[in-house]
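These notes are about the structure you will find just below.
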Amino acid sequence: MSGSAAQQTRQPTRPVVAVEPGELQNLDWARLFGNPAPVEVEIGTGKAGFLLRRARANPDRNFFGIEWANRYFKYAVDRMQRWGVRNVRLVRTDAAHFMRVLCPRESIAVLHVYHPDPWPKKRHHKRRLFQKSFVDAAVACLARGGRLAVQTDHVEYFELIRGLLLSRDELQQIPFEDPASGVEGRGVLTNFEIKYQREGRGFYRLAVRRKPEG
């Protein structure tokens, strides 16, 4: 066997990262990932810089990313494959539908939602992710003691999100900064956060925990 052929033989296969929406019916995290490790979900992964760092730093956890924009989804899938990350799955689907219909109940250790589209025009508010139906589903999908963290640069949307989350008896506010969840003094460092920091925008942040008994 020639040297180049041997080198090609030794190259590891690229990990399976992309998931088709049809594969999410009767979703079982352990079956999807091939192990029963805790699952973190990020809604709106963008180019998946945050998810990549989390996955590489925490090989004992599984990470599921949802992105609707096709160009970002393709970029994120390729990025994970180039890094050989095997504890990440990505899907291009509607996040609200996934949470309401497909997500296994009481199964998510951490739900990350950073810079959801604020749809600032009033006639577009119905397109916002954070509606009562989404919060109902998010609470149901969080494991007991699970964390939900939100960050936005849009103050009006933040106040709406804050009201929806803190009105729930099952949730209690906790510190947003949490190194164990990938949030430290430098921030979340998603691609949008880095961009908005350069533009001098302020950020509004909230983290809540599902009560162990709620």
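Nothing in this text is a laboratory measurement; each read-out follows from the coordinates by a stated rule. Predicted model, so just to flag it, every value in this text is computed and none were measured. Because the Cβ atoms are built from the backbone with ideal geometry, glycine has one as well, and the counts that use them run over all protein chains shown.
Descriptive notes on the structure:
- Two-decimal ratio, the chain, of alpha-carbon radius of gyration to 2.2 N^0.38 Å: 1.06
- Subtracting the Cα-Cα distance of Gln25 and Ser167 from 0.36 nm times their residue separation leaves 48.0 nm of extension gain.
- Using distinct alpha-carbon pairs, which all enter the 1/r mean, Kirkwood radius of region 8-64 in Å: 13.1 Å
- About its Cα centre, the dipole of the chain is roughly 520 debye, where the only charges are +1 on Lys and Arg Cβ and -1 on Asp and Glu Cβ.
- Scaled radius of gyration (Cα, divided by 2.2 N^0.38 Å) that region 1-123 gives: 1.18
- Overall shape of region 72-115 was characterised from the C-alpha gyration tensor. The equivalent ellipsoid obtained from it has semi-axes of 22, 13, 10 Å, in decreasing order.
- Placing dummy labels 7 Å off each Cα toward the beta-carbon, the span from Ala57 to Ala18 is 2.9 nm.
- Over region 61-170, volume per residue of the alpha carbon convex hull, in Å³: 113 Å³
- Placing unit charges on each Cβ (+1 for Lys and Arg, -1 for Asp and Glu) gives region 14-210 a dipole about its Cα centre, and among Pro104, Ala140, Met80 the Cα reaching farthest toward its positive end belongs to Met80.
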